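Please treat every number below as a calculation from the coordinates, not as lab data. Just so we're clear, the structure is a prediction, and the values are computed from it rather than from any experiment. Neighbour counts are summed over all protein chains in view; Cβ atoms, including those assigned to glycine, are modelled from backbone coordinates with ideal geometry.
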Amino acid sequence: MKTLLQINTSIFSAGGQSSLLADRFVTTWRAANPGGHVIVRDLARDPVPHIDAERFGAFIAKPGERTPAQQGMAAQSDALIDEIRDADEIVLGLPLYNFGLPSTLKAYFDHIARAGVTFRYTDTGPIGLMTGKKVYIFATRGGLYAGTPRDTQTPYVRDFLAFLGMRDVEFVYAEGLAINESAKQKALAEAHTSIDHLLTPELEAA
Ligand SMILES: Cc1cc2nc3c(=O)[nH]c(=O)nc-3n(C[C@H](O)[C@H](O)[C@H](O)COP(=O)(O)O)c2cc1C
């Protein structure tokens, strides 16, 4: 039985356009994976703290060297890592906010990048330890960026996931959502069509 982890990062939680696109995909995924298990992590409803020196110290300290407060910090990071490690497939709702990631997602990334746990350094460079996963990303933007040098979000997210070993990553974009109503509806309809075709081979096999 497969497990899918859905990470919503819109400030509007389940009502965000990125979350709605992710939901549409998850509905199809459930049809293709009867008995599959879906876990939803909503970073707006349940944000993780920003990293600071004490928290980073907790992440890199040996268990016996952590203060009581740092034990809780490391446990929070460990739980987030266990959750994503246990997932076969990951769905990420990814809005563009002020040309970058939702800050909640950056804080989450800071919790799951752990040397010796999710990646390790070798003589020939870093190796990601979170391999064998498929990641689907539903990226929503008010303007138009995809495929241009102004889209700094896509390469950043790809690089981060690859660093942890997740290289099988598929993006679906809905852009121009703030241009006008007809541009928004057209972009959403195109994203829906893309989403509905993402799992066609799996649906035919189910
Ligand atoms: C705080 C904030 C900042 C935004 N910054 C940008 C931006 O830099 N570029 C852009 O194209 N759209 C921007 N937008 C528009 C969002 O990308 C767009 O509304 C998208 O649908 C948000 O996804 P969501 O509905 O899942 O939250 C911004 C929206 C908000 C709320």
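The table below lists the values:
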item	result
Hits in segment 24-46 - residues which are free of Cβ contacts under 8 Å to residues at least 12 places away in the same chain and either within 16 Å of the ligand (Cβ to nearest atom) or not in a helix (DSSP H, G or I) (or both)	Asp46
Which numbered condition Ser77 fails, given (1) surrounded by fewer than 19 Cβ atoms within 10 Å (Cβ to Cβ); (2) in contact with a helix residue (DSSP H, G or I) (Cβ under 6 Å, 6 or more places away or on another chain); (3) among the polar types (S, T, N, Q)	(1)
Qualifying residue in segment 8-16 (condition: within 14 Å of the ligand (Cβ to nearest atom), without any contact (Cβ under 8 Å) to a residue 60 or more places away in the chain, of a type in the set (A, V, I, L, M, F, W, C) and surrounded by fewer than 17 Cβ atoms within 10 Å (Cβ to Cβ))	yes
Subset of segment 80-124 that is free of Cβ contacts under 8 Å to residues at least 12 places away in the same chain and outside any helix (DSSP H, G or I) - its residue that is surrounded by the fewest Cβ atoms within 10 Å (Cβ to Cβ)	Asp123
Scope segment 67-116; condition touching a Lys or Arg at 6+ places or on another chain (Cβ under 7 Å) and within 16 Å of the ligand (Cβ to nearest atom); matching residues	Leu96
